Amino acid sequence: MHISAIETGRKPPTLRFSRSADQAFGTGGTADAFEREYREIKHGAMLEGFPEYVKYESRAVEIRLYEIGIVPGLLQTPEYARVLADSAVRRGAITPEQADQRVAFLAKRQADLVRPHPPMMFVTMDESCIRRTVGGPGVMRDQLTRLIEFAQLPNTLLQVAPYDIGERRTFDLPVYLLTSPDRSVICYAESQAQGNLDRESASVLPMLTAYHQLQAEALSQRASVAMIEQVRRGTQ
């Protein structure tokens, strides 16, 4: 009866059931894994740990972001975010409904940071974030304009980590660091398939140090904005 209820959608699968099914059918670790489907149902196509991270993000007094390849979500325009979500649908990674959920969820995250005392935001982006065209020239031009406007806010610091820092780049994956009102710091880092939320100071503080080291190697905000403006002119 339990299996029938899951098959007909009357009950959601549990993690234990999904892992047992993968073991029975030999699908563990594959694109068709039951455990993967379970996590997509539970988290709405978001990586493990990310929904919990967002709860802390909305209350943070400082936010530090590092991103590779795409503009950080909190700085994305609606059009840029939609292109990314629709691309994931075409690849079969998420459903159209999950794409809508992803875009709406991002809009809510952005809105939660618009408050009387907004957090200080430190954003360091790999140069690939502004060089990689997403959605064509028009979408990209508006997105670059959004980055320039972001850099003009009184509670922000925007830096580009240029390609030529080479091996001095301290992170190979996206990293998010949040400082809570009590000054504790949490770290969220993700790979292509998994996210990890860490609150242990013994492992979080070295990540904070690495972020500061990356900032020291990155371009200043003025030089970063100049680079973004140069790239934007190329999208005309």
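What the table shows:
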read-out	value
Rounded, prolate or oblate (a/c below 1.5 giving rounded, otherwise prolate when a/b exceeds b/c) for the stretch 67-178 by Cα gyration tensor	oblate
Cα-based shape type of the stretch 69-130, given that a ≥ b ≥ c are square roots of the gyration tensor eigenvalues and the cut on a/c is 1.5	oblate
Karplus-derived 3J(HN,Hα), 6.51/-1.76/1.60, for each residue of the stretch 113-127, Hz, glycine and proline x	8, 8, 8, x, 10, x, x, 6, 10, 10, 10, 10, 10, 5, 4
Relative contact order for the stretch 45-233, counting Cα pairs under 8 Å that sit 6 or more residues apart, in percent	30
Cα-Cα pairs of the stretch 94-236 separated by more than 20 Å (percent)	58
J(HN,Hα) series, the stretch 173-182, from Karplus relation 6.51 cos²θ - 1.76 cosθ + 1.60, nearest Hz, glycine and proline x	9, x, 9, 10, 10, 10, 9, 7, x, 7
Per-residue ³J(HN,Hα) for the stretch 143-155, Karplus 6.51 cos²θ - 1.76 cosθ + 1.60, θ = phi - 60°, Hz, x for Gly and Pro	5, 5, 4, 4, 5, 5, 5, 4, 5, 8, 6, x, 10
Label point distance in nm, Glu52-Glu217, each placed 7 Å from Cα along Cα→Cβ	3.0
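No lab work stands behind these numbers, since they all come straight from the coordinates. Quantities reported herein were computed from a predicted structural model and do not represent experimental measurements. No Cβ is skipped: glycine too gets one built from the backbone with ideal geometry, and neighbour counts run over all protein chains shown.
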